[in-house]
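Scroll down for the structure; my scribbles are underneath it.
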Amino acid sequence: MTLTQNRITDLFSQKSERLLNVYFTAGFPQLNDTMTILRGLQAAGVDLVEIGMPYSDPVADGETIQQSNGKALDNGMSLKTLFDQLEGCRQEQSSDPVTVPILLMGYINPVLQYGVEAFCKKCQEVGVDGVILPDLPLDLYLADYAPTFREYGILNVNLITPQTTESRIRHIDEESDGFIYMVSSASITGSTKGISDSMRAYFERIQAMNLRNPRLIGFGINNHDTFDTACEYANGAIVGSAFIRHLEEKGTSADSILEFVHTIRA
Amino acid sequence: MQTTLEPQTSFEVSDKGFYGHFGGAFIPEMLYPNVEELRQNYLNIINDPAFQAEFWQLLEDYVGRPTPLFLARRLSEKVGATVYLKREDLCHTGAHKVNNTIGQILVAQRLGKKRIVAETGAGQHGVATATVCALMGLECIVYMGSIDMERQKPNVDRMRMLGATVVPATSGSQTLKDATNEAMRHWINNPVDTHYIIGSVVGPHPYPDMVARFQSVISEEVKKQLFAKTGRQNPDYVVACVGGGSNAAGAFFHYLNEPTVRLVAAEAAGQGVNSGHSAATTALGKPGVLHGSRTILMQTEDGQVIEPYSISAGLDYPGIGPLHAHLFDSGRGDFYAISDDEALQAGFQLSKLEGIIPALESAHALAALEKMNLKPDDVVVVCLSGRGDKDLSTYSKHL
């Protein structure tokens, strides 16, 4: 497979260490916070931003993200509204153009209802670079959707876990572009505490596989120490639940977001 | 779905787990190893003669099978056709659910699993799971919506008495959908030594097929029993209630390819199909993905799952199994929406006419008889999926 040139692949070709990807849920805490948080994260220097498309039944997520999804839906967030909010954010003539790579993370059903091709087309139009859809397994993606995603230059990021077999990891590596999302342990989001020896053993095992794609570690990365450890074994890490909790407690101001990112990167 | 579409004439599941447009395994990578392990092994395990021998022995000696096929004379007179009741309410634990849990606990043992997780709506599947875990000495954790725990308290007590841990699901509508989410999360967090016993013909492939196979004992027995009583194996209609649809899948299974037999599914219309308080999935839903498979789903325009409602906790689910979605989509099945009131009246009617208090779920199937335009020479088999003891507090409010 040839790498599609977009902001994610450009990023990884320029920087391969200590990348920080921060997740937030669109429409949380308030419906119109999306651009405020996105610009705040960009200003704070994060490398990638993952925007959650809220879903009523996010089974791979823990309580924190589920509650933020529920609140966002109560606020009236939808995929259409999210695209409306992102419209024009990449335009250079705007006062503060968004240049950071953007991923959308969510579940397959809202995407199916929007229409997969319409979704990819809209992602391309508003400047979304990739998606993470945990309940769209690789085989179904390849069988049905890969050509559409590629046509619009949208990267599909796949997950691996400690239980993923070596042969499947090789297959995922072969069929992925952008990066591989390493789920740190057998868990849902926001549920692990610290990095255990068995997690380190898994990180080392994957590191030794010399995959062609860069790797970001997610689930359980919630402070400077866990971020640092993840960066020893991968190209960077993804923080989600901890940022949602921070937004809830400290608000969405640029200062609050900067404080959070500094805490993680220190 | 594009390339995964299979020919739509078959009611067998495809290699990839599809029935027509519906099915598949839409699961996060965290569940892939578990589901794949099951997919690669379930047919070999359940076709193994030693498994078969143990399964059938337990169904006979422990569950009490075969369950009777009862000619309901007074009900027949009332509805104007010959009505037989397949008495799954006489199974050990009080419902058909145990047919499946016996099968799955034997599968779990052969996969070397140490712990069982399950979801439950009315509590019948939870009780059936707790029962087989006690029988086999495995740890049992059952997720149940906190609202369902209130309205089905006797079943909560039964599960606890059987040694299970009952965990309240407090998210969303706090009913079956959310209990299923929580059970899936538990499985994600405990992937190696835990087997998830899904109680209906829902979830990722191979669950719908595996559960349908275990429940197919219902129609297998009906064929033999009906022949013995009438000289014909095939009724004109088989009627069953559908929430997820496991008793219906079992009652329909051996008739799927018998086009002279109409398959009738009763869904819960709650306070009315268009009342905003309903679980009539085929009437209100459209194709979508929930809990690991593509099926017909009650959802908003944006693809958010709509909270269902039914007086019957076992039917309070926003989707149906993919086999049922295919039966509806292909026209093979007739789907009726039965309101809470219609179900209650059918439950009271059966109690008075035949001395059988049905589960509220089964009462929905009985209520469908009134809507079917039956002819005097029609032979109808109704799957009486469970007994009504657990629903007495609900019934008593309407006495």
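The values are calculated or read from the model by the stated rules, or taken from the named source; none is laboratory data. Predicted, not measured: the structure shown is a model, and the values here were computed from it. Glycine gets a Cβ as well: all are built from the backbone with ideal geometry, and neighbour counts include every protein chain shown. Ligands, DNA and RNA are excluded from the accessible area calculation, which covers all protein heavy atoms including side chains. Shrake-Rupley method; radii C 1.70, N 1.55, O 1.52, S 1.80 Å.
Considering A:Ser196, A:Ser241, which residue is over 20 Å from the mean Cα position of the chain (by Cα) and of a type in the set (Gly, Ala, Ser)? Write out each step before concluding.
Working: A:Ser241 fails: over 20 Å from the mean Cα position of the chain (by Cα).
Of the residues listed, the single one that is over 20 Å from the mean Cα position of the chain (by Cα) and of a type in the set (Gly, Ala, Ser) is A:Ser196.
Give the range B:172-214 a look and list any residue that's within 25 Å of B:Thr281 (Cα to Cα), within 12 Å of chain A (Cβ to nearest Cβ) and of a type in the set (D, E, K, R), or say none.
B:Lys177, B:Asp178, B:Glu182, B:Arg185
Checking the condition open to solvent by 60 Å² or more (accessible area, probe 1.4 Å), farther than 21 Å from B:Asn190 by Cα and in a loop (DSSP other than H, G, I, E, B), which residue from A:Arg212, A:Arg170 passes? Walk me through how you get there before you give the answer.
Values: A:Arg170 fails: in a loop (DSSP other than H, G, I, E, B).
Within the list A:Arg212, A:Arg170, the selection yields A:Arg212.
Taking the range B:315-354 on its own, how many of its residues are of a type in the set (A, V, I, L, M, F, W, C) and open to solvent by less than 20 Å² (accessible area, probe 1.4 Å)?
Keep residues of the range B:315-354 that are of a type in the set (A, V, I, L, M, F, W, C), which gives B:315, B:320, B:323, B:325, B:327-328, B:335, B:337-338, B:343-344, B:346, B:348, B:350, B:353.
Going one step further and asking which of them are open to solvent by less than 20 Å² (accessible area, probe 1.4 Å), we end up with B:315, B:320, B:323, B:325, B:327, B:338, B:343-344, B:346, B:350.
Counting residues in the range B:315-354 that are of a type in the set (A, V, I, L, M, F, W, C) and open to solvent by less than 20 Å² (accessible area, probe 1.4 Å) gives 10.
Here is a yes/no grid of residues against (1) within 14 Å of another protein chain (Cβ to nearest Cβ); (2) out of contact with any Phe, Trp or Tyr (no Cβ under 8 Å at 6 or more places or on another chain); (3) aromatic (Phe, Trp, Tyr):
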site	(1), (2), (3)
B:Phe22	yes, yes, yes
B:Ile46	no, no, no
B:Tyr62	no, yes, yes
B:Pro68	no, yes, no
B:Leu71	no, no, no
B:Ser76	no, yes, no
B:Glu88	no, yes, no
B:Ile105	no, yes, no
B:Thr129	no, yes, no
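Six or more apart or on different chains, Cβ under 7 Å: which pairs go from a residue in the range A:12-34 that's over 20 Å from A:Met182 (Cβ atoms) to one that's charged (D, E, K, R) and open to solvent by 10 Å² or more (accessible area, probe 1.4 Å)? Could you list them?
Pairs that qualify, where the first residue is over 20 Å from A:Met182 (Cβ atoms) and the partner is charged (D, E, K, R) and open to solvent by 10 Å² or more (accessible area, probe 1.4 Å), are A:Phe28/A:Lys71; A:Pro29/A:Lys71; A:Pro29/A:Glu248.
Of all residues being part of a helix (DSSP H, G or I) and touching a strand residue (DSSP E or B) at 6+ places or on another chain (Cβ under 8 Å) in the range A:98-110, which is nearest to A:Val157 (Cα to Cα)? Just the residue, please.
Of the range A:98-110, the ones part of a helix (DSSP H, G or I) are A:108-110.
Still in the list and also touching a strand residue (DSSP E or B) at 6+ places or on another chain (Cβ under 8 Å): A:108-109.
On the way: A:Ile108: 13, A:Asn109: 17 Å.
The selected residue is A:Ile108.
Mind checking which pairs have a first residue in the range B:14-40 that is farther than 20 Å from A:Phe219 by Cα and at pLDDT 95 or above and a second that is aromatic (Phe, Trp, Tyr) and in a loop (DSSP other than H, G, I, E, B), Cβ under 8 Å, 6 or more apart or different chains?
Within 8 Å, the pairs are B:Tyr19/B:Phe11.
From the residues in the range A:63-86 that are surrounded by fewer than 21 Cβ atoms within 10 Å (Cβ to Cβ) and not in a helix (DSSP H, G or I), which one is nearest to the other protein chains (Cβ to nearest Cβ)?
Once the filter is applied, the top-ranked residue is A:Gly76.
If A:Thr189 satisfies every condition in (1) under 19 Å from B:Pro33 (Cβ atoms); (2) open to solvent by 50 Å² or more (accessible area, probe 1.4 Å) but one, which is the exception?
Every condition holds for A:Thr189 apart from (2).
Out of all the residues in the range A:120-170, which are within 11 Å of another protein chain (Cβ to nearest Cβ) and aromatic (Phe, Trp, Tyr)?
The answer is A:Tyr141, A:Tyr145.
Sort through B:Gly388, B:Gly314 and tell me the only one that's under 23 Å from B:Tyr207 (Cβ atoms) and in contact (Cβ under 8 Å) with a residue 24 or more places away in the chain. Give the derivation first.
Details: B:Gly388 fails: under 23 Å from B:Tyr207 (Cβ atoms).
Unique residue meeting the criteria: B:Gly314.
Hey, can you tell me all the residues within the range B:357-372 that are under 12 Å from B:Gly80 (Cα atoms) and either of a type in the set (Val, Ile, Thr) or modelled with pLDDT under 95 (or both)?
None; the set is empty.
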